[in-house]
Amino acid sequence: MNGEPDLCIGGAWRHASDGGTRSSINPADGSVAGVVDEATVEDARAAVAAARTAFDDGTWPSTPVIERAALLDRVADLLQRDKESLSLLETADTGKTLAESRIDIDDVTSVFRYYAKLVGVQSDRLVDVGDASVVSRVVREPIGVCVLIAPWNYPLLQMSWKIAPALAAGCTMVAKPSEVTPLSTIAFVHLLEEAGVPPGVVNLVQGSGAVLGDALTGDPAVDFVSFTGGLATGRTISRVAAEHVTKVAVELGGKNPHIVFADAADSAESFDMAVDHVLTGVFLHSGQVCSAGTRLIVEESIADDFVAALAERAAKIRVGNGMDPASETGPLVSEQHRDKVEAYVALGISEGAKLVVGGERPSDPALADGSYYLPTIFDRCDRTMRIVTEETFGPILTVERFTDEAEAIRLGNDTDYGLAAGVRTSDAARGERVVRALRHGTVWLNDFGYYTAAAEWGGFGKSGNGRELGPAGLAEYQEMKHIWHNTAPMPAGWFKG
Ligand code: NAD
C-alpha cells in the first residue's frame with residue numbers, strides 16, 4: 001500500500017506484474033485512502049499455482065489440528081492487538097462509522113476463536129458395518145485450494161468467514177477482496193504471516209473481479225470457490241466454475257421482510273421498540289447490509305401511526321463522516337453506488353410509491369465531498385414495484401400493509417431472495433408459526449440483525465447456496481472420506497470360474 005507491495009504470492013510480497021495500481025477512495029470526503037497494487041490475470045494465475053503447490057507439497061494440510069487451532073487463536077490475539085488500526089482502515093475504505101468498524105473487528109476475532117475451538121473437537125466417525133474384522137470410518141480432509149472472493153460492505157468480516165474455516169480445515173487459498181475496499185485485507189494478510197501461516201497457504205490478489213474473475217474461478221487447479229457478493233456476479237461465477245465441476249458456495253443479496261403485527265406495538269413502550277428495531281434493521285450502515293430489513297410489512301391497523309413515527313426518527317438520524325463520533329451512519333461506499341441508489345429513488349417515485357421522508361442528499365455543505373444519502377422511506381408500496389423486488393443496497397425502506405397472518409406470510413415469502421426476515425408479535429404461538437413458514441436463511445423473532453459465529457448463515461432461493469459460520473461453515477472446506485479397512489480379508493467368492 002502506498003508504495004509497499006500488496007500482492008502476496010507464495011509467501012512473497014510483490015507489486016503487480018505490469019506495475020498497475022488503483023486508488024482506494026474514502027467515501028466520506030473523496031480523498032485517497034490508499035494506493036494499492038492492482039493484480040493482472042498473470043498474477044492471479046500465479047497465486048492459484050502457489051496455493052496449489054502449498055497444498056500438494058506443503059505441510060499445512062497435514063499440520064496437526066491442535067497446531068492449526070493454536071494458530072487461529074494467535075490470529076485472534078493479533079486482531080485484538082491491532083483492533084484500532086484495522087478499524088481505522090475499514091472506516092477509511094468503507095465510510096462506516098468507527099464504532100461499527102470496531103464491532104466488525106471483534107466479530108472477526110470471534111470467528112477465529114470459534115473455528116479454533118470447533119476444529120479442535122472434531123473427530124472421525126466410526127461406522128459399525130457388523131463385521132469385527134472391518135474398521136470403517138469417515139474422516140474429514142481439507143477440500144484443497146480455495147478461491148475466496150469478498151464484497152465491500154463488510155470487507156474483513158466477510159473475508160474472515162472464509163479464511164478462518166479454510167485455515168482450520170487445512171486448506172490453502174487465494175483471497176480477493178473487493179477492489180473498492182482492499183485495505184484491511186492487505187493488513188490482515190500481514191497479520192496472518194506474523195501469526196505463523198506458512199508461505200503459499202494464504203495468497204492475496206486485489207483488483208477488478210471482471211478482469212481477474214475467470215482466472216481465479218475457472219482454473220482447474222481450484223477445488224472450491226467461496227463467493228459473497230451480488231446475484232449477477234454469483235451467476236457468472238457459478239457458470240465459470242461449472243466448466244471444471246468446481247464446488248461453489250455463493251452468498252448473495254437479500255430483499256428482507258420485517259413483519260410487524262399490531263399486537264407487537266400495542267403499548268407505547270412496545271410501539272417505540274418496534275419502531276426502533278425496524279429503523280436500525282434497515283438504516284444501519286446506510287442500508288448497505290445484505291440482511292437489511294428493507295421491506296416493512298406492517299399490519300394495516302397500525303400502519304399510518306407506525307410509518308409516521310418511523311419517518312420522524314429517520315429524519316433525525318445523524319448522517320456524517322464515520323470518523324466523527326457524533327455520526328450515527330456514514331456515507332454510501334462510492335459515488336457510483338450513490339448514483340445507483342438515487343436511480344432507485346427516482347424509480348420508486350415513478351412507480352407510484354409515496355415518498356415519506358428522505359429521497360435526497362444531505363444539505364450540510366460539510367458533507368458535499370462525500371457520497372452521503374439521507375434515510376428514505378416509501379409508503380404504499382406493492383410487489384409490482386421494482387423498489388420492492390430488487391436489492392437497492394442503500395438507505396431505502398419500502399412499506400407494504402397486511403390484514404391477516406396468512407397475508408403477512410405470503411408477502412414475507414413473496415421474493416426471489418431468502419436471506420433474512422424479522423417478525424414482531426407478542427403472541428408466542430403466532431410467532432413460532434410465522435417463523436417456521438418463512439423461507440429465509442435467518443429469521444429473527446422480536447429482534448433484528450443479530451448473528452453469532454456458532455450459527456449457520458446463508459440464504460434460501462436466489463440468496464445463494466452453501467452456508468457460512470457454524471459447523472456447516474467449516475464443512476464447506478472439508479471433504480468426507482470413507483475408509484473401509486478390512487483387517488482379515490476373504491475372497492469375494494462371487495465369480496466361481
Ligand atoms: P459484487 O458482486 O459486485 O462484487 C463482489 C466481489 O466479486 C468483489 O470482490 C468483486 O471484485 C468480485 N467480482 C466481480 N465480478 C466478478 C467475476 N466475474 N468473477 C469473480 N469475481 C468477481 O458485490 P458487491 O457490490 O461488492 O457487494 C454487494 C453485494 O454483496 C450485495 O448484493 C449484498 O447483498 C451482497 N452481500 C451478501 C452477503 C451474504 O452474506 N449473503 C454479505 C455481504 C454482501
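A few remarks follow.
- Flag for Tyr450 being surrounded by fewer than 16 Cβ atoms within 10 Å (Cβ to Cβ), outside any helix (DSSP H, G or I) and of a type in the set (Phe, Trp, Tyr): yes
- Put simply, of Leu469, Leu474 the only residue that is within 16 Å of the ligand (Cβ to nearest atom), surrounded by 20 or more Cβ atoms within 10 Å (Cβ to Cβ) and within 25 Å of Ile163 (Cα to Cα) is Leu469.
- Subset of segment 285-327 (residues that are hydroxyl-bearing (Ser, Thr, Tyr) and within 16 Å of the ligand (Cβ to nearest atom)): Ser286, Ser291, Thr294
- Residue in segment 55-62 that is in a helix (DSSP H, G or I), charged (D, E, K, R) and surrounded by fewer than 16 Cβ atoms within 10 Å (Cβ to Cβ) present: yes
- Note on segment 253-268: residues that are in contact (Cβ under 8 Å) with a residue 60 or more places away in the chain and either surrounded by 21 or more Cβ atoms within 10 Å (Cβ to Cβ) or touching a helix residue (DSSP H, G or I) at 6+ places or on another chain (Cβ under 7 Å) (or both) amount to 11.
- Residue within segment 40-51 that is in contact with an Asp or Glu (Cβ under 6 Å, 6 or more places away or on another chain) and over 20 Å from Asp223 (Cβ atoms) present: yes
- You will find that of Val201, Val250, Val278, the residue that is under 26 Å from Ser87 (Cα atoms), modelled with pLDDT of 95 or more, buried (at least 24 other Cβ atoms within 10 Å of the Cβ) and within 24 Å of the chain's Cα centre (by Cα) is Val201 and no other.
- Single match in Thr236, Thr228 (criterion: polar (S, T, N, Q), buried (at least 22 other Cβ atoms within 10 Å of the Cβ) and near the ligand (Cβ under 7 Å from one of its atoms)): Thr228
- Number of the exception - His440 against (1) closer than 17 Å to Val248 by Cβ; (2) in contact with a helix residue (DSSP H, G or I) (Cβ under 9 Å, 6 or more places away or on another chain): (1)
- Members of segment 89-101 found to be more than 11 Å from Asn26 (Cβ to Cβ) and hydrophobic (A, V, I, L, M, F, W, C), listed by number: Leu98, Ala99
- All positions within segment 1-39 that are among the charged types (D, E, K, R) and farther than 30 Å from Val145 by Cβ: Asp29
- Residues of segment 215-231 satisfying the condition of being more than 16 Å from Asn153 (Cβ to Cβ) and touching a residue at least 60 places away in the same chain (Cβ under 8 Å): Ala215, Leu216, Thr217, Asp219, Ala221, Val222, Asp223, Phe224, Val225, Ser226
- Ser62 vs. criteria hydroxyl-bearing (Ser, Thr, Tyr) and in contact with a helix residue (DSSP H, G or I) (Cβ under 8 Å, 6 or more places away or on another chain): no
- For the criterion of being within 21 Å of Asn26 (Cα to Cα), of a type in the set (D, E, K, R) and either outside any helix (DSSP H, G or I) or within 16 Å of the ligand (Cβ to nearest atom) (or both), Glu141 fails.
- Residue identified as of a type in the set (Lys, Arg) and at pLDDT below 95 among Arg383, Arg318, Arg361: Arg383
- Among the residues of segment 195-217, the ones that are under 19 Å from Thr181 (Cβ atoms), β-branched (Val, Ile, Thr) and within 15 Å of the ligand (Cβ to nearest atom) come to 2 in all.
- Selected residue (only one of Val35, Val108, Val75 is surrounded by fewer than 18 Cβ atoms within 10 Å (Cβ to Cβ) and either of a type outside the set (Ser, Thr, Tyr) or within 23 Å of the chain's Cα centre (by Cα) (or both)): Val35
- The sole residue among Ala492, Ala428, Ala437 that is more than 15 Å from the ligand (Cβ to nearest atom), surrounded by 16 or more Cβ atoms within 10 Å (Cβ to Cβ) and without any contact (Cβ under 8 Å) to a residue 60 or more places away in the chain is Ala437.
- Members of segment 399-421 that are within 16 Å of the ligand (Cβ to nearest atom) and in contact with a strand residue (DSSP E or B) (Cβ under 8 Å, 6 or more places away or on another chain): Thr415, Leu419, Ala420, Ala421
The values are calculated or read from the model by the stated rules, or taken from the named source; none is laboratory data. In this text, all values refer to a predicted model and were calculated from it rather than measured experimentally. FYI the Cβ positions are ideal-geometry reconstructions off the backbone, even for glycines, and counts take in every protein chain you see.
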